[in-house]
Amino acid sequence: MTFVVRGRRRRWLAAGSVVLVGAVVATVLGLRGGDPAPAAAATTAVQRGEVTYSVAASGKVAPVATRELAFSVSGTLTSVKVKPGDEVLPGEELAAIDDADAREARDEAANALAEAEQALTDAESADGDTSCDTAVRAAAAAYPGSPAAAEPAAFAAAGSSSASPSSSPSAAPSPSASPSAGPSPSRTPGARPSPSPTAGAGGGCQGSGGSSGGRGGAGGDAIYSAQVAVNRAVADLARAERELAGTVITAPVAAKVLAVEGRAGDAVGTATFIKLGVTATMMVEAEFAEADAVSLAVGQPATVTLANRPDETLAATIAEVAATGTASGTLVRYRVLLAFDGSPEGLLIGQSATAGVVLNRAESVLLLPQSAVRMTGDTEGEVKLPDGTARQVKVGLRGDGDVEIVAGLTEGDSVRVNARS
């Protein structure tokens, strides 16, 4: 009997629990007033404003130009005064190498020039008439690749051999020399050849003894050779001075240091050692997809948004569009440079940026969000009125986020935000 009593108690407890749950459910339903009514669809009003269609691409801020600086000779670095990120001014010394060898080479070139100039002076002093020699030297300077410039020794020898036939035309002994006799084969300093046509076939430009050919004889060849040596010595000295000056790197313009390829004590050559970025004018370098790049042209207005200034839009202009693209898999992108309109402050080389270019614009037109219009054709669409009724509209420019409404609605009309709801 005890077992039966316990079984009945459990059944009563279970039945009581069911009744209690039912009462709770009935109470909740009574408080809520039955099933909730469906929420009203969100709506938006037709407004008047501007619709724009633009393309965008990511890029980075870069200097408009870079300068790669190097030493003119190899050597050991004695000082490096800058590091990447430093701002430098025109003429500021950036780095230097040991200049002992370059200075010695410059001194030797200067001594060689002095010796060459003295040799030229001696040659001119040994020859009295330099009227033709001056012309020869001028011709040699004007045509340094001529045979005369390349082989002065050969021409000197030729001049010496050509002078011998122009000796006195008569070797017979004579008891007395007539004052009207032909010109003497010897030349004295300061003497000038006779302008007489009988002096030789060379006219007024000939060597001693009336030799023809217009080279001024052996004396002229010596002057010419000396002048060639002077010209070479001048060129050697100029090169040595450039190399000496190139042992120090200075900033050619105001710029920011982008890279430095060594430190004091390192051995360096003539490759690029310091790279500068000219920060006076900065640009944005962006990569646009092929489908967008075909619509871009130099001079088009653009906008730039920097990663560290997302709420600020900077005006820019397209300065360059690459003629060829770069393929990455099946995607082809074109490099586009955008120049800032003005000089924004606080630009950082390499910072991320987003470039946008407006391709089409419609001002003071009726517009709706794109989600409120379901396109049914190229220029036709459908909207839903607040009560769910569909209405056909004519569409103009489809912009980045809005659609131009040409006909079918008036300013202030309400439509559902989602045309498919």
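Numbers below:
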item: Complete set of residues in the range 44-82 that are more than 30 Å from Glu93 (Cα to Cα), of a type in the set (A, V, I, L, M, F, W, C) and open to solvent by 20 Å² or more (accessible area, probe 1.4 Å); result: Ala45, Ala56
item: Output for the range 357-387, where each listed residue is of a type in the set (Ser, Thr, Tyr) and farther than 15 Å from Arg420 by Cα; result: Ser364, Thr379
item: Checklist (1) over 15 Å from Asn360 (Cα atoms); (2) touching an Asp or Glu at 6+ places or on another chain (Cβ under 9 Å) applied to Pro301, failing item; result: (1)
item: Which listed residue, of Ala362, Ala316, is touching a Pro at 6+ places or on another chain (Cβ under 9 Å), under 24 Å from Glu50 (Cβ atoms) and open to solvent by less than 60 Å² (accessible area, probe 1.4 Å); result: Ala316
item: Leu306, sole failed condition from (1) in contact (Cβ under 8 Å) with a residue 60 or more places away in the chain; (2) farther than 27 Å from Ala259 by Cβ; (3) open to solvent by less than 40 Å² (accessible area, probe 1.4 Å); result: (2)
item: Restricting the range 42-73 to residues that are charged (D, E, K, R) and closer than 17 Å to Thr250 by Cα, the residue that is nearest to the chain's Cα centre (by Cα); result: Arg67
item: The range 380-414: number of residues that are outside any strand (DSSP E or B), surrounded by 13 or more Cβ atoms within 10 Å (Cβ to Cβ) and under 47 Å from the mean Cα position of the chain (by Cα); result: 2
item: Checking Gln118 against (1) in contact with a helix residue (DSSP H, G or I) (Cβ under 8 Å, 6 or more places away or on another chain); (2) at pLDDT 60 or above; (3) polar (S, T, N, Q), the condition it does not meet; result: (1)
item: Long-range neighbours under 7 Å by Cβ, at least six apart or interchain, first residue part of a helix (DSSP H, G or I) within the range 227-246, second of a type in the set (Ser, Thr, Tyr); result: Arg242/Ser72; Glu243/Ser72
item: Sole exception among (1) assigned to a loop (DSSP other than H, G, I, E, B); (2) open to solvent by 30 Å² or more (accessible area, probe 1.4 Å); (3) under 30 Å from Gly412 (Cα atoms) for Gly377, by number; result: (2)
item: Answer residue from the range 329-369, given it is touching a Lys or Arg at 6+ places or on another chain (Cβ under 7 Å) and polar (S, T, N, Q) and is nearest to Thr303 (Cα to Cα) among those; result: Ser352
item: Those residues of the range 327-349 which are open to solvent by 80 Å² or more (accessible area, probe 1.4 Å) and in a strand (DSSP E or B), in sequence order; result: Ser328, Arg333, Arg335
item: Leading residue by the ranking (surrounded by the most Cβ atoms within 10 Å (Cβ to Cβ)) among those in the range 281-302 that are in contact with a strand residue (DSSP E or B) (Cβ under 8 Å, 6 or more places away or on another chain), without any contact (Cβ under 8 Å) to a residue 60 or more places away in the chain and on the phi < 0 side of the Ramachandran plot; result: Ala302
item: Any hit, the range 265-277, residues being over 19 Å from Glu320 (Cα atoms), of a type in the set (D, E, K, R) and either in a loop (DSSP other than H, G, I, E, B) or touching a residue at least 60 places away in the same chain (Cβ under 8 Å) (or both); result: yes
item: Scope the range 83-114; condition without any contact (Cβ under 8 Å) to a residue 24 or more places away in the chain and either open to solvent by 80 Å² or more (accessible area, probe 1.4 Å) or within 15 Å of Phe273 (Cα to Cα) (or both); matching residues; result: Glu104, Asn111
item: So Thr324, is it free of Cβ contacts under 8 Å to residues at least 24 places away in the same chain and either surrounded by 13 or more Cβ atoms within 10 Å (Cβ to Cβ) or not in a strand (DSSP E or B) (or both); result: yes
item: Within the range 255-264, tally of residues that are basic (Lys, Arg) and assigned to a loop (DSSP other than H, G, I, E, B); result: 1
item: Among residues of the range 36-80, those that are charged (D, E, K, R) and under 30 Å from Ile97 (Cα atoms), counted; result: 2
item: Boolean, Val230 is closer than 26 Å to Asp107 by Cα, of a type outside the set (Gly, Ala, Ser) and either modelled with pLDDT of 90 or more or surrounded by fewer than 18 Cβ atoms within 10 Å (Cβ to Cβ) (or both); result: yes
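The values are calculated or read from the model by the stated rules, or taken from the named source; none is laboratory data. Just so it is clear, the structure is predicted and the values come from calculations on it, not from any experiment. Note: ideal-geometry Cβ built from the backbone for every residue, glycine included; neighbour counts use all protein chains shown. Ligands, DNA and RNA are stripped out before the accessible areas are found, and what is left, the full protein with its side chains, is counted by its heavy atoms. Shrake-Rupley method; radii C 1.70, N 1.55, O 1.52, S 1.80 Å.
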